[in-house]
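First comes the structure, then the notes that go with it.
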Protein chains: 4
Amino acid sequence: MISTEVVLETEARLDKPILIEGLPGLGLVGKLAADHMIKELKAEKLGTMHSPHFPPQVIIQDDGTVRLMQNEFYYWQAEKKTQKDLLFIVGDHQGATPTSHYEITGKTLDIAEMYDTKMLYTLGGFATGHLPRKPKVFGAVTNKKHQKMLREAGVSFEKTGGGIVGAAGLLLGLGQLRGMDGVCLMGETHGQIIDARSAKSVLEVLQKLLKVDVNLSRLEKRAKDTEKMIEKARKAEQQQKAAFSALPAEGPTYIR
Amino acid sequence: MISTEVVLETEARLDKPILIEGLPGLGLVGKLAADHMIKELKAEKLGTMHSPHFPPQVIIQDDGTVRLMQNEFYYWQAEKKTQKDLLFIVGDHQGATPTSHYEITGKTLDIAEMYDTKMLYTLGGFATGHLPRKPKVFGAVTNKKHQKMLREAGVSFEKTGGGIVGAAGLLLGLGQLRGMDGVCLMGETHGQIIDARSAKSVLEVLQKLLKVDVNLSRLEKRAKDTEKMIEKARKAEQQQKAAFSALPAEGPTYIR
Amino acid sequence: MISTEVVLETEARLDKPILIEGLPGLGLVGKLAADHMIKELKAEKLGTMHSPHFPPQVIIQDDGTVRLMQNEFYYWQAEKKTQKDLLFIVGDHQGATPTSHYEITGKTLDIAEMYDTKMLYTLGGFATGHLPRKPKVFGAVTNKKHQKMLREAGVSFEKTGGGIVGAAGLLLGLGQLRGMDGVCLMGETHGQIIDARSAKSVLEVLQKLLKVDVNLSRLEKRAKDTEKMIEKARKAEQQQKAAFSALPAEGPTYIR
Amino acid sequence: MISTEVVLETEARLDKPILIEGLPGLGLVGKLAADHMIKELKAEKLGTMHSPHFPPQVIIQDDGTVRLMQNEFYYWQAEKKTQKDLLFIVGDHQGATPTSHYEITGKTLDIAEMYDTKMLYTLGGFATGHLPRKPKVFGAVTNKKHQKMLREAGVSFEKTGGGIVGAAGLLLGLGQLRGMDGVCLMGETHGQIIDARSAKSVLEVLQKLLKVDVNLSRLEKRAKDTEKMIEKARKAEQQQKAAFSALPAEGPTYIR
């Protein structure tokens, strides 16, 4: 495998779905929010993305089986006239290098374009070093016309001058080149913890914007599960790393 | 997006324009000089360059909208017989890796070649660690025949033996392989400050060479604005970075 | 050479061979086990893999001749009805970058697919920082149905939550995308030594699973030879490196 | 330019020339030896190699003109029946990354293959940390049959177990895959100085092997010139680097 590949596993009929991105990032805010929404809405799996730019490894799951690092597409079909179909991109990883972010985002937009997506919502965290009781949600848009709607849903536009790195930013920037509009919602977060409260703030805003109902009572529980899984993986990794660091080199590497 | 792309936004009629490069570099001398010239001459936008070798992010602008990292082409049509049409390449970034400098410079020359450009001026800074009241302008050429003209305009050729890294150098070197002549003008600069005075020295020389009139009175003001924008972006970045550094890894990364 | 290449040196008739991977990794457990098995079974050379992702060098062998860094395919034909043909991938190196692991693993699977391989065994070490008298063998599978057979052969499934990095993991993950099942056997190992005892534990399990007889008496001797060869290469390298570190740069590298 | 390119500047008639490599490396031994041989034999320029894997810069030469980083091919036609035509590859740089070594070496062999080269001599240094009065010359070969001839010319084969990194090694290894034989001659050298004496030892051996006469009296003088040039470039570079290190970042680079 030498470039990013998407395998679609089902044929979904979607009507100009809104793309919602929730890949790992600051405070895992976007990931927690999108993963929770997929579970609560009972969104269905659409396909899988593999990439040579993800870590070259498999994960040993609790049942002893392995799986590749991957991102996943899910979809949800609107149930009311006021709603729109939704397409989700979530998963394990963003690109490992600057260049690969462009490739992975491009492939994601290829799928969105296949379904004639016109609107993107990207979800992330915005680190402030504080742990507010009620995290704000900061916004950024590709088009000023979306600001009014966002402000009414409680989004603040006070953070400017900085950048939005990775999928949350590039989807907006590269989507614009393909004629898609986009909005980034960033939950205020401390930055050094996995932040379910910030994800909740983001989902409260997103529900209003999308006119969908997402039960938020299990969000905190899910965040705890995610945290435990990550903690376990980290311990497994550290044990191996510590042992690995002194392994003799496998051969000579520098003589001219 | 897996390689550097240029989108031309208008059809300009240009007669063998001189290409002027002012991308970010030492003291931002080249960038300040070229950006100022574009504003003062009221040069028009020709097109935009995007590249997977620019940072994978968007910038949140003051109005809350985002834009991709990008470089831009501008053009200006000669108003007198003694002048030549001008083509500018300016923008946010140079390539992030050695190899990408070659790709980005190649794409820049593709556009110049489209318009049958025969002559290149690249602008940059030359760090000396000093802050002279009247910065010198050092030169380098692809062809000795240009030295006389440059010396008469006040350019010094005392700095040799070193290299010119990035677009300012590669445009000359790769341009030569395509039959273009080129000149690099480097304003003497301290190296650790954004240096409007050095940019002014460079523009004084360039005006004489191109026989154009560029009002320099607003240059210092523009440099201050650039500096403020960069300072703001840097603060935003640092706040996020500090918060980010301790984020738990998103998964295991090293077991064999 | 700009991508990984395999040259097959003979035409072997193989019937859906099982692929066995033993490339360098933790404790060299997988490498020792697979190399030993090849020697004892008198498996024959099938072909050679070269890659621009291996270190850019040749090794000076004891007889003064040089050879490129390379991986090698070997094969062995079943001698009894209860056995299956075997295909081995062993050698000097894994990929030097995350992306190259995907390319090299992909090429390995191309060869396996040519012979209609349906099952993969990958061998490696699992570092615990301990030196047990009788190292355990930990397992991971692509399909739960293989666990019973493995448990009966003495394999433990107590290690989960972590990852399997490099060829041992990616072969399973990418093989699955091509319809192949796979098992990873990881010998418990300290992590900082070349571990023949762990390789022996792995081979004891593997023999049962494959129903082949591999004499293990010479394994320790072979591991010592490997250790000496690596030690010699490392000393040669360090001598050169120490001398090299202060070499004057070959030219200027950073001026803008 | 996105891959390594060679431009041939003349049409030389060569009869299965021997390729001689002398690119920068340990002690600059190979470079000094090959450059000197080209000058003394009055070998002629055949062509130029440019590569995106060379540093992205031009050098300002003493006359104020610039030139790209490049490697060069030279050729020399045999004058006696006992001699063979020679093809040289010399220049500024080896590849900047492991992978690029493979690409650059491959392109070099493409040219050699065009002229039906069957034999390669690669020249380099072998660091010992000592400064012997009479440096030894160590050898490595692709084929044992060449050892007798080399021993008679004074070459030692006592250094084994290590590697030969970069062009000097890869040309032998990759050349072998194309049916070419090869020999690497490594002059004993301290490792931290530019070593004309070691280059002299290498040339004394090479003269015997090739049956050519190379006046060695000017070698030391040439080495001094090379050293001065490099020293000048290094100073220019350091001045710029010191100044550069504190340049404000050109924009934000990390927020998610």
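Nothing in this text is a laboratory measurement; each read-out follows from the coordinates by a stated rule. As the structure is a prediction and not an experimental result, all values here were calculated from the model. Cβ coordinates were reconstructed from backbone atoms using ideal geometry, including for glycine residues, and neighbour counts include every protein chain displayed.
Listing for the model above:
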read-out: Of all DSSP beta bridges in the protein assembly as shown, antiparallel share, percent nearest 5; value: 60 percent
read-out: Per-copy distances of the A:Gln61 label point, shortest first, in nm (7 angstrom along Cα→Cβ); value: 4.6, 4.6, 6.4
read-out: Trypsin sites (Lys or Arg not before Pro) lying in DSSP loop within the range A:105-199, provided at most 14 other Cβ fall within 10 Å; value: A:Arg133, A:Arg178
read-out: Percent RCO, i.e. relative contact order, over the range C:97-199, from Cα pairs under 8 Å lying at least 6 residues apart; value: 45 percent
read-out: Cα-based convex hull volume of the range A:23-81 per residue, rounded to whole Å³; value: 128 Å³
read-out: DSSP-defined antiparallel bridges as percent of all bridges, chain B, nearest 5; value: 55 percent
read-out: Stokes-Einstein D for the range C:59-179, Kirkwood Rh over Cα pairs, 10 °C, 1.306 mPa s (µm²/s); value: 94 µm²/s
read-out: Calculated label separations, B:Thr97, copies of the chain, 7 Å along the beta-carbon direction, nm; value: 0.3, 0.3, 0.4
read-out: Mean ellipticity per residue at 222 nm, deg cm²/dmol - from DSSP H runs of n ≥ 4 across chain B, formula -39500 (n - 2.57); value: -11000 deg cm²/dmol
read-out: The range A:148-188 - Rg (one decimal) and Dmax (whole number), Cα, Å; value: 11.3, 29
read-out: Average Cα contact separation per residue, the range D:5-244, under 8 Å, 6 or more apart, as relative contact order %; value: 24 percent
read-out: GluC sites (Glu not before Pro) within the range B:126-193, DSSP loop, no more than 11 other Cβ atoms inside 10 Å; value: B:Glu158
read-out: Convex hull volume per residue for chain A, taking Cα atoms only, in Å³; value: 176 Å³
read-out: Residues listed by number, the range A:116-139, amide nitrogen under 17 Å from B:Glu5 label point at 7 Å toward C-beta; value: A:116-118
read-out: Pairwise FRET efficiency - B:Glu227 versus D:Lys235, Cβ, R0 = 41 Å, nearest 0.05; value: 0.85
read-out: Student exercise, the protein assembly as shown dipole from Lys, Arg, Asp, Glu Cβ charges, in Debye to nearest 20; value: 2060 debye
read-out: Neighbour cut-off at most 16 other Cβ (10 Å), DSSP loop, GluC sites (Glu not before Pro), the range B:1-87; value: B:Glu9, B:Glu11, B:Glu79
read-out: Beta bridge orientation in the range D:94-202: antiparallel %, DSSP, nearest 5; value: 35 percent
read-out: Chain A Cβ-axis minimum, rotational copy B, residue and distance in Å; value: A:Thr97, 7
read-out: Binned Cα-Cα distances of the range D:156-244, short to long, each 5 Å bin given as a whole percent; value: 3, 10, 14, 17, 18, 15, 11, 7, 4, 1, 0
read-out: Overall Cα dimensions of the protein assembly as shown, principal axis frame, Å, largest first; value: 88, 88, 42
read-out: Theoretical FRET efficiency, 1/(1+(r/R0)^6), r = Cβ-Cβ of A:Lys134 and B:Arg218, R0 60 Å, to 0.05; value: 0.85
read-out: Dipole in debye (nearest 20) - the range B:62-161, about Cα centre, beta carbon charges: Lys, Arg +1; Asp, Glu -1; value: 860 debye
read-out: Fewest-first sequence of A:Leu177, A:Leu28 by Cβ atoms within 10 Å of each Cβ; value: A:Leu177, A:Leu28
read-out: The range A:49-91 - convex hull of the alpha-carbon atoms, volume per residue in Å³; value: 88 Å³
read-out: Acute angle (nearest 10 degrees) that the helix C:196-210 long axis makes with the longest principal axis of chain C, alpha-carbon atoms; value: 40 degrees
read-out: Percent breakdown of C-alpha pair distances by 10 Å bin, ordered from the shortest bin, for the range A:87-152; value: 14, 36, 38, 12, 0
read-out: Two-decimal log10 I(q)/I(0) for the range D:1-134, as the Debye equation yields it once each C-alpha is a single scatterer, q = 0.12, 0.13 Å⁻¹; value: -0.50, -0.59
read-out: Gaussian network model of chain A, springs between alpha carbon atoms under 10 Å - residue of A:Gln147, A:Gln238, A:Gln176 with greatest fluctuation; value: A:Gln238
read-out: Label point 7 Å beyond Cα along the C-beta direction, distances from A:Glu113 to other copies (nm, shortest first); value: 2.6, 2.6, 3.6
read-out: Crossing angle, helix A:29-41 versus chain A [Cα axis fit, 0-90 degrees, rounded to tens]; value: 70 degrees
